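J.: Supplied in structure tokens, the structure appears directly below.
The values are calculated or read from the model by the stated rules, or taken from the named source; none is laboratory data. Everything numeric in this text was worked out from a predicted model, so none of it was measured. Neighbour counts run over all protein chains shown; Cβ positions are idealised from the backbone, glycine included.
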Amino acid sequence: MRFFLIPLFSVIFSFSAFSQVNTTSEYDKDGNVLIYAENPDVIPYSLKIEFKSLTNLIPSSGMASFAVASPGRSQVAKLRKQDPNQSTTVKFATTIYKGNFLAKNKEEIPSLLPVDKGVEVTVYNMTHLENSLKFEKTNESYVGISIHFESPTLICAPRKGVVSQIKEDEELKGTSYTFSALDNFIELYHEDGTFTKLVVLKAGSVKVKIGETVFPGDVLAESSGEKYESGRHVRMIQTRLEKNNEGLTMKTIQTKFYDESLGSIVTETGTKITAVHPGAMVTKEMSKKELKKHQESN
């Protein structure tokens, strides 16, 4: 029997973090209105601020503006008082998105395979879940990478990132799963605004904590997947918040892996590749302080 676990509460869970960011408004000494965001999370969030009603105030970026709320308290908008002798009023609505739509790197940073070094894997491009639910391929949209291996292995960080979300409490019942929305996972947030989600982890095996900074090759958890029809594997999904004509949208991006001979590569379905953790990639995104600490510890 094939199992598909898609609980309703998983939809609610995915939005729970958004309610953490609160916006408030204050007056400065000149009567201008300053809007602040309180972000208690370990990663930034992007905001769309829409001004519904303004009296005697001029927004710096039009009636709808976009800003980034870093962890902690930060100013995200300013409304200038037009006539110093007139009163002011403001009404606004805020839409909150996970991630920083402005973040980017000077150069493209490929990922390491998220498994222990020396492990040979077979990589498959994943398509939409409806292909499995309908037992026919009707949606060829790319949704991530499925990385398969023969024996249990350690799941490792593919890039430098901050651990932003963890789920490790699920023990799947039965066998022959095709998909489960309950799978354990770790999510990493990278400095260029990319998220990496590593799914299908052994219950209770996570070695890191939310807010911890990890580097390529660092052990995150232990592998799982033995209850799946396809066998042991880890799914890797990379996304990024992007701005378009409709506003801000979280988009799945094509994962690019590091190859010692070719550099950055896009793998095709069925590609066999062995994981490496070269020092140059481990340290590539380190700050000077992090690099010094790394060198002293090695």
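J.: Only one of these conditions is not met by residue 104: (1) part of a strand (DSSP E or B); (2) among the basic types (Lys, Arg); (3) in contact with an Asp or Glu (Cβ under 8 Å, 6 or more places away or on another chain). Which number is it?
T.: (1)
J.: Do we have any residue at all in the range 174-182 that's of a type in the set (A, V, I, L, M), on the phi < 0 side of the Ramachandran plot and assigned to a strand (DSSP E or B)?
T.: Looking for residues that are of a type in the set (A, V, I, L, M), on the phi < 0 side of the Ramachandran plot and assigned to a strand (DSSP E or B), one finds none in the range 174-182, hence no.
J.: I need the full set of residues from the range 199-214 which are under 24 Å from residue 41 (Cα atoms), of a type in the set (A, V, I, L, M, F, W, C) and in contact with an Asp or Glu (Cβ under 8 Å, 6 or more places away or on another chain), in order please.
T.: Going through the range 199-214, the residues under 24 Å from residue 41 (Cα atoms) turn out to be 199, 201, 204-214.
From the residues that got through so far, the ones that are of a type in the set (A, V, I, L, M, F, W, C) too are 199, 201, 206, 208, 210, 214.
Selection gives 199, 201, 206, 208.
Yes/no per residue for (1) surrounded by 13 or more Cβ atoms within 10 Å (Cβ to Cβ); (2) in contact with a Ser or Thr (Cβ under 9 Å, 6 or more places away or on another chain); (3) at pLDDT 95 or above; (4) of a type in the set (D, E, K, R):
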site: 234; (1), (2), (3), (4): yes, yes, yes, no
site: 254; (1), (2), (3), (4): no, no, no, no
site: 262; (1), (2), (3), (4): no, no, no, no
site: 267; (1), (2), (3), (4): yes, yes, no, no
site: 275; (1), (2), (3), (4): yes, yes, yes, no
site: 293; (1), (2), (3), (4): no, no, no, yes
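J.: Shifting gears a bit: Pick from 72, 31, 62: which is at pLDDT 95 or above and on the phi > 0 side of the Ramachandran plot?
T.: Details: 31 fails: at pLDDT 95 or above; 62 fails: at pLDDT 95 or above.
Just one listed residue meets the conditions, 72.
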